[in-house]
1. Kindly establish whether Gly10 is on the phi > 0 side of the Ramachandran plot, assigned to a loop (DSSP other than H, G, I, E, B) and touching a helix residue (DSSP H, G or I) at 6+ places or on another chain (Cβ under 6 Å).
2. Go through region 8-23 and give me each residue that's among the polar types (S, T, N, Q) and either within 13 Å of the ligand (Cβ to nearest atom) or surrounded by fewer than 18 Cβ atoms within 10 Å (Cβ to Cβ) (or both).
3. Just to be sure I understand the filter: pairs with C-beta atoms under 7 Å, separated by 6 or more residues or on different chains, first member in region 94-115 and more than 24 Å from Val15 (Cβ to Cβ), second member aliphatic (A, V, I, L, M) and away from the ligand (no atom under 13 Å from the Cβ). Which pairs pass?
4. For region 177-215, name all the residues that are of a type in the set (Asp, Glu) and either in contact (Cβ under 8 Å) with a residue 12 or more places away in the chain or within 16 Å of the ligand (Cβ to nearest atom) (or both).
5. Only one residue in Val75, Val15, Val69, Val19 is among the β-branched types (Val, Ile, Thr) and over 15 Å from the mean Cα position of the chain (by Cα), so which one is that?
6. Is there a residue in region 230-241 that is polar (S, T, N, Q), surrounded by fewer than 18 Cβ atoms within 10 Å (Cβ to Cβ) and out of contact with any helix residue (DSSP H, G or I) (no Cβ under 9 Å at 6 or more places or on another chain)?
7. Can you tell me how many residues in region 16-29 are in contact with a helix residue (DSSP H, G or I) (Cβ under 9 Å, 6 or more places away or on another chain) and within 15 Å of Asp92 (Cα to Cα)?
8. Please go through region 197-213 and pick out each residue that is surrounded by fewer than 23 Cβ atoms within 10 Å (Cβ to Cβ) and under 19 Å from the mean Cα position of the chain (by Cα).
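The values are calculated or read from the model by the stated rules, or taken from the named source; none is laboratory data. What you see is a predicted model; the values in this text were computed from it and never measured. Cβ placement follows ideal geometry from the backbone for every residue including glycine, while neighbour counts extend to all protein chains displayed.
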Amino acid sequence: MEIVLAKHAGFCMGVRRAVETTMELVEKGEGPIATFGPLIHNPQVLQQLERQGVRVLQDIPDKASGIVVIRAHGVPPEQKARLEASGATVEDATCPRVLKVQAIIARYRKEGRATVIVGDRDHAEVVGLMGYAGESGQVVSTLAEAEALTLAGPYIIVSQTTQDEMMFEQITARILDRFPHGKVFNTICDSTHNRQEEVREMCGEVEALIVVGGKTSANTKRLAEIAEGLGVPVFLVETATELDTAVLRRFAKVGITAGASTPTWIIEQVMDLLGSLAP
Ligand code: SF4
């Protein structure tokens, strides 16, 4: 079996930075350490952090001590202020690219423009961005929602950093058709763009694609959806143990990609397992 590994598989810059920041705090022995929400969408990495004593805060306590890490997705400004007021030392690991989107929204909000965010309403990054957009912010996830959107004045459109490029273009075109006075910022991260483009290219040359990543990771699921949309058999797995080797043996050429929260060691285990399959 021929194996093709995507160049852009695995941790993106923002996730790597957040994980390294937390691990450095663990190594320094500064504690107690907690992350506000699960640090990344990968159960294996979360289990590892838990074993090292890193707790996950789901809510902001009135009083806290120790260090609280804000994850790469960022938080609404009001939540960051509450975390700081709780007495915890806040280590802000918001990805610089997400900070940039937050800054764009804040800047144009001051100019009186409403914000349309193209993304998943419930995703932590979008919840954080909505905190910057305030009451004039709206989230659009589908073309049907773009159709139903109402806007009364000037506005901007931004995207969740892990949004599907084609979906963003279609939704943006529809909104601009209906409300021509908008300013568009394609804030899809390069890392997402490159990963998705590579999947599209790989699907033209492989017989099947393995997508390695957390089953709750939006960007991982999106990679699988892109390949499925192109008619390629997709196997979305969190670890090598989930691979059905009997089925995989049927393919002569298999591609491997991984979401932005997938650590290298899990990708390597998948590579090793595929490599061990007899032709
Ligand atoms: S996908 Fe891009 S924006 Fe999101 S955390 Fe990773 S590097 Fe940052």
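1. Values: on the phi > 0 side of the Ramachandran plot: yes; assigned to a loop (DSSP other than H, G, I, E, B): yes; touching a helix residue (DSSP H, G or I) at 6+ places or on another chain (Cβ under 6 Å): yes.
When the stated conditions are applied, Gly10 passes them.
2. Pass one, region 8-23, residues among the polar types (S, T, N, Q): 21-22.
Hit for region 8-23 is Thr21, nothing else.
3. Tyr108/Ile156; Arg109/Ala133; Arg113/Ile156; Ala114/Leu151; Thr115/Ile105; Thr115/Ala133; Thr115/Ile156
4. Within region 177-215, the subset of a type in the set (Asp, Glu) is 177, 190, 197-198, 201, 205, 207.
Within region 177-215, Asp190, Glu197, Glu198, Glu205, Glu207 meet the criteria.
5. Working: Val75 fails: over 15 Å from the mean Cα position of the chain (by Cα); Val15 fails: over 15 Å from the mean Cα position of the chain (by Cα); Val19 fails: over 15 Å from the mean Cα position of the chain (by Cα).
Selected residue: Val69, the only one of Val75, Val15, Val69, Val19 that is among the β-branched types (Val, Ile, Thr) and over 15 Å from the mean Cα position of the chain (by Cα).
6. Taking region 230-241 first, the residues polar (S, T, N, Q) are 239, 241.
From what is left, the residues that are surrounded by fewer than 18 Cβ atoms within 10 Å (Cβ to Cβ) are 239, 241.
Now restrict to residues that are out of contact with any helix residue (DSSP H, G or I) (no Cβ under 9 Å at 6 or more places or on another chain): none.
No, there is no match, as no residue in region 230-241 is polar (S, T, N, Q), surrounded by fewer than 18 Cβ atoms within 10 Å (Cβ to Cβ) and out of contact with any helix residue (DSSP H, G or I) (no Cβ under 9 Å at 6 or more places or on another chain).
7. Just the residues of region 16-29 that are in contact with a helix residue (DSSP H, G or I) (Cβ under 9 Å, 6 or more places away or on another chain), to begin with: 17, 19, 22-23, 26.
Pick out the ones that are also within 15 Å of Asp92 (Cα to Cα) and you get 17, 19, 22-23.
Result for region 16-29: 4.
8. Glu197, Glu198, Arg200
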